[in-house]
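The values are calculated or read from the model by the stated rules, or taken from the named source; none is laboratory data. Note that this is a predicted model, so its numbers are computed, not measured. Every residue, glycine among them, receives a Cβ derived from its backbone with ideal geometry; neighbour counts consider all protein chains shown. For the accessible areas, the whole protein counts, side chains as well, though only heavy atoms, and no ligand, DNA or RNA atoms are used. Shrake-Rupley method; radii C 1.70, N 1.55, O 1.52, S 1.80 Å.
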Amino acid sequence: MEKKHVKWMKMGVIAALLVSMLAACGTSADKGGQAAEGTGKDNNENKEITVLYLDEPFWKQQNEEFTAATGIKVKYETVPFMQLHDKVFVSFMANSSEYDVVHVRDDWATEFASKGFLEPLDSYITDDMKTRLNPQTMEAMSYQGKQYAIPRYVWLWQFYYNKTLIKDPPKTWDELITVAKEIKDDKVSPYAETWGGIVSYSSFIVHLRSNGGEFWDYENNRPTFNSPEGVAALQFMADMNLKHNIMSPLSKEFTSSGAMTEVLTQGAIAMNMNTPQTLPMANDEDKSKVVGQMDVALIPGGKLKTASYGETGGLAIPAASKNKEWAMEYIKFVTNADQQKKMSLANGKIPSDVEVVKDADLLAKYPHYALLPEQMQYPFGLFRHEDATKITDELSRNILAAVLGKVTPEQALQDAETKILAMIGQK
Amino acid sequence: MSKHRKTPGHTGWLSRFDRMSDSAAAGVYLTPTLILLAMTILFPMAYALFLSFAKMDFVSGRAHFTFIGLDNYAKMLQDLRIPNVLLQTFTFTAAKVIGTLIIAFGIALTIFHGIWGGEFFKKVFLIPWALSNVVNGLMWKWMYNGNNGIINELMMRLGLIDEYKSWLAESTTALGAVILADIWKSVPFAALILLAGMQTISKELYDAGQVDGAGTIQRFFHITLPSLKPVLMVLFVMETMWALRAFDLIWVLTQGGPLDKTMVLNVYAYEQAFRNFDMGYGSALAFFITICTLIFTVVYLKTIGKNE
Amino acid sequence: MSVKYAKKTVQIMISIALMIFILFPMLWLLLSSFKLPLDLFSNPPELWPSKWTFKYYIQLLQEKSFTSAMLNSLIVSGFTTAISLSIGALGAYAFARFQFPRKNAFFLTVLASQMLPHMALLIPLFMIMKLTGLLYTHQGLILTYISFSLPYVVWMFRSFIIAIPYEIEEAAKLDGCSRMQVIRKIVLPLSMGGLVTTGIFVFMGAWNEFLFASAMTNMNVKTLSVRMAEFIGEDRIAYEIMFPAGIVGSLPVLLLVLFFQKYIVRGLTEGGVK
């Protein structure tokens, strides 16, 4: 009896120990990233940086190449793209220095920089970078005149159409309607855009731009989408859906371009604006029913010959990083021309380096690259603002309401403008 | 306190523990629980209360909290999205609770009357209940999809619709679709409880009813329903509390869209706190939900009190 | 006679309809998990795969992000269950058997804390974990899960203990059993069913939990439900992997539940109604 007693007590003690362990060993897991600190002058074997990005084979391979070239080790953390922003933001919230290099896109660069999370990189930028890298992408990574990230790729929309159904791709949006109405196949929706969730603003920006409109007055920090050009753009979107009936009814369900590509590869959509993964996916024989049928063109225009939408992906260094020099070495390495070409060959991301885009190997592999130099001369950048997420979420809800015919385009833009002005504390 | 003999070997604090009063012993037993609850509930709630009175700012990369009094609560009154959010929360809760109870009642009756497959039902029932909300969401999202969702195809074949619909993206159907998916998961639990309740109604009561010449329908309204009232009441309150908590399923299915048509309070609070990173406003919203839930808790405790 | 027959037919039809309502979604998920992409997207959808494939199950089990998520879920749910049960059972015993000052107030506090909406706890717990460095650790998540499972254990297990006749305990005490021995030799064996049921509920709750996990994990401690929700968060949803993941990820809990079905039905009804 006594022994059992003791055993019972032991269980209690273990339980108590478990509890104290919970409190005691919690901090250990976070600290790995700083191990290399203070050993700067030793050889590179002790150097390590922590990088956060996606779980894709190429990026891991690139890290290994970097370590081989410089001796600096890379601790690589991954997260799905949709959660990248939140993870980075959270890591900044308690001023931690978990990461030395983080991936940012146009609007995040602005948001993070405005809160003081990022290190300005102006002193690191070489003339070589300035001449090589596409100026729109450099601009996208800057905030208030300072450079906060180095662009490495663009994920740009182009116009993809099924050449078995359409002979001449439309050059203007009005032509698109004519072309669309000539398609007589019941099973095929002539055109689709991503209107689902909170992404409809991105299509709207393209229409607005081709009408010659502007989305935002950056100098006075005011929205300018509620203009005659904006109303016309939204009216056009609503008309495509309600009056001309050329839109895929799934448009309102598409919350990402990937979801739209999926339906496109089943042959249910004749034309759309989509990302560089479109052709590779459409020609994948395991998954696609339109192998060899899709072709690419400039996005239709209006007042402007063409306009697009696409995020620039760049690399930034958190202000709290303790390994900034090595982080910069990493950034220089992965944005060099050679690595950009490898990246593009591996996953189709469009290099930010103007010359690499014209590389013969890339052109051979990706036919749609031939049109990129021209497409990229016209506007394509994301809307950048400290509160970009809130603003575009609000606008998207109003745009969706308008294209579904719940409110008039005028009303939708008016409502969005009022709410957004209130949101940013303007009148 | 009961007296008992001491075994000779008892020494030290263990025997002292045995000599303690009940209150003191209860203290020993309860201490770990209370410490953990203080750590994981009381302290966080106090912190949440503080957050709901504060605003988070960033000054050169560091988070600062400024006390702003009731501003976050005042914001709720001015927030143009709130009336709709409250409406959706109410609709979702009411429809889910009532729908669950009615279907569960039907199923429980079917099993109770010994109709085909009762035992099998009981086994099968546990599957939706044990499935996670996330998997449940993925499953229904797939069935609802407007491209080749099986629900579209079935309804087409039955002649209920003449073209595929995007059930979760249509502003008129999204909320209904979410509610149905949620009901599917919560019906089994409710049905099992109701069934247990029915099985406790004594046979004599029914036999007496039969002697009095009461028909099936009369017996249902005069015997079954009144006897089940306490069980129904408890279920009603519990289902309501769960409905007010709903998050995972909605997050996976619609994230509150389209046009905020499935934006319930819980999802809205999450969006404010973890998409817009407005921790103060998110906390204020969460407190509002807490108060609503506590009201139901009081009702619930009163019901329990009556039952015991 | 014929009226009775017709009635029976209607009843059976209702049964079948209900059965389809409950079973079909699961069946559809299961069938989808054996389909190749071209089958998955065929329009109109076909019930049976044109070619059955196990390819994606194999691919899934080789994927480290999935197996490590499974392991994380196991660690977190296991520890949550063990700790909540061992600590909560003692608390439940105190509430069931002892009279002490402000007992009702304490019990109400425990009950109320079980009913708090998780959203209200998420934000402060997240900030606290961030400040203490427990964010993105197993320990942090376990502690978080204890916040809702411990009150549940106390509440649920209490009703199981109350169901044991007190006379047995008194007799044991007269025989010289100490307080701890009474619990160990009398209460625990007699409430084994309750303990198993409560344990399964807690394990299931932790295994399926998503809200806290989505905010409080990174790739090192990511649990299954978070991994699963990520499929939908990707630009292009990998359906062919997502469905096998849904099946495999639900299996542990489903097996547990079906295996202990009798206990659970009893636990649900007793715990739920009382």
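State all residues of the stretch C:8-46 that are part of a loop (DSSP other than H, G, I, E, B), facing chain B (nearest Cβ under 8 Å) and open to solvent by 30 Å² or more (accessible area, probe 1.4 Å); if no residue qualifies, say none.
Selection gives C:Asn43, C:Pro44.
Quick one: which helices (runs of 4 or more DSSP H) sit completely within the stretch B:218-308 and have at least 1 residues that are within 18 Å of C:Ile123 (Cα to Cα), small (Gly, Ala, Ser) and modelled with pLDDT of 85 or more?
B:265-274, B:279-307
For residues that are part of a loop (DSSP other than H, G, I, E, B) and more than 10 Å from every other protein chain (Cβ to nearest Cβ), tally how many sit in the stretch B:136-171.
Matching residues across the stretch B:136-171 total 5.
Assess whether B:Phe125 counts as being over 23 Å from B:Lys261 (Cβ atoms) and without any contact (Cβ under 8 Å) to a residue 12 or more places away in the chain.
Here the answer is no, as B:Phe125 does not meet what is asked.
Show the residue pairs that are 6+ apart or on different chains and have beta-carbon atoms under 8 Å apart, the first residue being within the stretch A:357-368 and among the aliphatic types (A, V, I, L, M), the second being part of a loop (DSSP other than H, G, I, E, B) and open to solvent by less than 80 Å² (accessible area, probe 1.4 Å).
That search, which allows pairs on different chains as well, returns A:Val357/A:Met376.
Kindly evaluate A:Lys171 against the criterion of being surrounded by fewer than 22 Cβ atoms within 10 Å (Cβ to Cβ), in the same structural domain as A:Asn245 (by TED's automatic domain parsing), more than 30 Å from B:Val59 (Cα to Cα) and of a type in the set (Lys, Arg).
Against the criterion (surrounded by fewer than 22 Cβ atoms within 10 Å (Cβ to Cβ), in the same structural domain as A:Asn245 (by TED's automatic domain parsing), more than 30 Å from B:Val59 (Cα to Cα) and of a type in the set (Lys, Arg)), A:Lys171 qualifies.
Is one or more of the residues making up the stretch B:50-66 out of contact with any strand residue (DSSP E or B) (no Cβ under 8 Å at 6 or more places or on another chain), at pLDDT 90 or above and more than 30 Å from B:Asp18 (Cβ to Cβ)?
no
Inspect all residues belonging to the stretch C:196-208 and state whether any of them is within 14 Å of chain A (Cβ to nearest Cβ), in a helix (DSSP H, G or I), in contact (Cβ under 8 Å) with a residue 60 or more places away in the chain and farther than 24 Å from B:Val267 by Cβ.
Looking through the stretch C:196-208, none of the residues is within 14 Å of chain A (Cβ to nearest Cβ), in a helix (DSSP H, G or I), in contact (Cβ under 8 Å) with a residue 60 or more places away in the chain and farther than 24 Å from B:Val267 by Cβ.
Would you point out which residue out of A:Asp338, A:Asp393 is over 23 Å from A:Pro276 (Cα atoms) and outside any loop (DSSP other than H, G, I, E, B)?
Of the residues listed, the single one that is over 23 Å from A:Pro276 (Cα atoms) and outside any loop (DSSP other than H, G, I, E, B) is A:Asp393.
Would you confirm whether any residue within the stretch C:117-137 is within 19 Å of the chain's Cα centre (by Cα) and polar (S, T, N, Q)?
Scanning the stretch C:117-137, I find no residue that is within 19 Å of the chain's Cα centre (by Cα) and polar (S, T, N, Q), so the answer is no.
Here is a check on your reading of the model: is C:Ser159 in a helix (DSSP H, G or I), farther than 19 Å from C:Asn208 by Cβ and either open to solvent by 30 Å² or more (accessible area, probe 1.4 Å) or facing another protein chain (nearest Cβ under 7 Å) (or both)?
Working: in a helix (DSSP H, G or I): yes; farther than 19 Å from C:Asn208 by Cβ: yes; either open to solvent by 30 Å² or more (accessible area, probe 1.4 Å) or facing another protein chain (nearest Cβ under 7 Å) (or both): no.
Judged against the criteria, C:Ser159 is not a match.
Could you figure out which of (1) open to solvent by less than 50 Å² (accessible area, probe 1.4 Å); (2) assigned to a loop (DSSP other than H, G, I, E, B); (3) modelled with pLDDT of 90 or more isn't true of A:Ser288?
A:Ser288 satisfies all of (1) open to solvent by less than 50 Å² (accessible area, probe 1.4 Å); (2) assigned to a loop (DSSP other than H, G, I, E, B); (3) modelled with pLDDT of 90 or more except (3).
Can you tell which of A:Leu54, A:Leu84 is open to solvent by less than 10 Å² (accessible area, probe 1.4 Å), within 21 Å of the chain's Cα centre (by Cα), modelled with pLDDT of 80 or more and of a type outside the set (Ser, Thr, Tyr)?
On the way: A:Leu54 fails: open to solvent by less than 10 Å² (accessible area, probe 1.4 Å).
Going through A:Leu54, A:Leu84 in turn, the sole match is A:Leu84.
Specify the residue that is most open to solvent (accessible area, probe 1.4 Å); the eligible residues are those in the stretch C:108-142 that are of a type in the set (Ser, Thr, Tyr) and within 14 Å of chain A (Cβ to nearest Cβ).
Looking only at the stretch C:108-142, we keep the residues that are of a type in the set (Ser, Thr, Tyr), and these are C:109, C:113, C:132, C:136-137.
Now drop any that are not within 14 Å of chain A (Cβ to nearest Cβ), which leaves C:132, C:136-137.
On the way: C:Thr132: 66, C:Tyr136: 13, C:Thr137: 6 Å².
The residue in question is C:Thr132.
Taking the condition of being surrounded by fewer than 22 Cβ atoms within 10 Å (Cβ to Cβ) and within 7 Å of chain C (Cβ to nearest Cβ), how many residues in the stretch B:30-43 meet it?
1
Could you identify the single residue in B:Leu158, B:Leu126 that is closer than 26 Å to C:Ile14 by Cβ and crowded, with 17+ Cβ neighbours inside 10 Å?
None of the other options fit; the residue is B:Leu126.
Kindly list the number of the only condition in (1) open to solvent by 40 Å² or more (accessible area, probe 1.4 Å); (2) assigned to a strand (DSSP E or B) that fails for A:Lys184.
(2)
Being modelled with pLDDT under 85 and open to solvent by less than 60 Å² (accessible area, probe 1.4 Å) narrows it down to one of A:Ser114, A:Ser97, so name that one.
A:Ser97
Counting only residues that are open to solvent by 10 Å² or more (accessible area, probe 1.4 Å), within 17 Å of the chain's Cα centre (by Cα) and over 22 Å from A:Met129 (Cα atoms), how many does the stretch A:305-320 have? Don't jump to the end; show me each part of the working.
Looking only at the stretch A:305-320, we keep the residues that are open to solvent by 10 Å² or more (accessible area, probe 1.4 Å), and these are A:305, A:309, A:311, A:319-320.
Checking the rest, the ones that are also within 17 Å of the chain's Cα centre (by Cα) come to A:309, A:311.
Next, from what is left, pick out any that are over 22 Å from A:Met129 (Cα atoms): A:309.
So the count comes out to 1.
Give the residues of the stretch B:253-272 that are hydrophobic (A, V, I, L, M, F, W, C), more than 13 Å from chain C (Cβ to nearest Cβ) and open to solvent by less than 20 Å² (accessible area, probe 1.4 Å), sorted by residue number.
Of everything in the stretch B:253-272, just one residue is hydrophobic (A, V, I, L, M, F, W, C), more than 13 Å from chain C (Cβ to nearest Cβ) and open to solvent by less than 20 Å² (accessible area, probe 1.4 Å), namely B:Met263.
Being more than 9 Å from every other protein chain (Cβ to nearest Cβ) and open to solvent by less than 10 Å² (accessible area, probe 1.4 Å) is the filter here; which residues of the stretch B:283-301 pass it?
Within the stretch B:283-301, just B:Ala284 meets the criteria.
Which of the residues that make up the stretch A:203-228 are in contact (Cβ under 8 Å) with a residue 24 or more places away in the chain and touching a helix residue (DSSP H, G or I) at 6+ places or on another chain (Cβ under 8 Å)?
A:Ser203, A:Phe204, A:His207, A:Leu208, A:Ser210, A:Asn211, A:Gly212, A:Phe215, A:Arg222, A:Pro223, A:Phe225, A:Asn226
What number of residues in the stretch B:47-60 are at the interface with chain C (Cβ under 8 Å from one of its Cβ atoms) and surrounded by fewer than 19 Cβ atoms within 10 Å (Cβ to Cβ)? Don't jump to the end; show me each part of the working.
Just the residues of the stretch B:47-60 that are at the interface with chain C (Cβ under 8 Å from one of its Cβ atoms), to begin with: B:47-48, B:51.
Now narrow it down to the ones that are surrounded by fewer than 19 Cβ atoms within 10 Å (Cβ to Cβ): B:47.
Total meeting the criteria: 1.
Could you please let me know if A:Trp108 is aromatic (Phe, Trp, Tyr), open to solvent by 10 Å² or more (accessible area, probe 1.4 Å), out of contact with any Phe, Trp or Tyr (no Cβ under 8 Å at 6 or more places or on another chain) and modelled with pLDDT under 60? Give the derivation first.
Details: aromatic (Phe, Trp, Tyr): yes; open to solvent by 10 Å² or more (accessible area, probe 1.4 Å): yes; out of contact with any Phe, Trp or Tyr (no Cβ under 8 Å at 6 or more places or on another chain): yes; modelled with pLDDT under 60: no.
Considered against the rule, which asks whether it is aromatic (Phe, Trp, Tyr), open to solvent by 10 Å² or more (accessible area, probe 1.4 Å), out of contact with any Phe, Trp or Tyr (no Cβ under 8 Å at 6 or more places or on another chain) and modelled with pLDDT under 60, A:Trp108 comes out as no.
Can you name every residue in the stretch A:351-373 that is of a type in the set (Asp, Glu) and assigned to a loop (DSSP other than H, G, I, E, B)?
The one that is of a type in the set (Asp, Glu) and assigned to a loop (DSSP other than H, G, I, E, B): A:Asp359.
In the set C:Ile186, C:Ile232, C:Ile241, C:Ile200, which member is surrounded by fewer than 19 Cβ atoms within 10 Å (Cβ to Cβ), β-branched (Val, Ile, Thr) and in contact with a Leu (Cβ under 7 Å, 6 or more places away or on another chain)?
C:Ile241
Just a yes or no: is a residue in the stretch B:274-282 more than 17 Å from the chain's Cα centre (by Cα), within 19 Å of B:Leu49 (Cβ to Cβ), open to solvent by less than 10 Å² (accessible area, probe 1.4 Å) and at the interface with chain C (Cβ under 8 Å from one of its Cβ atoms)?
yes
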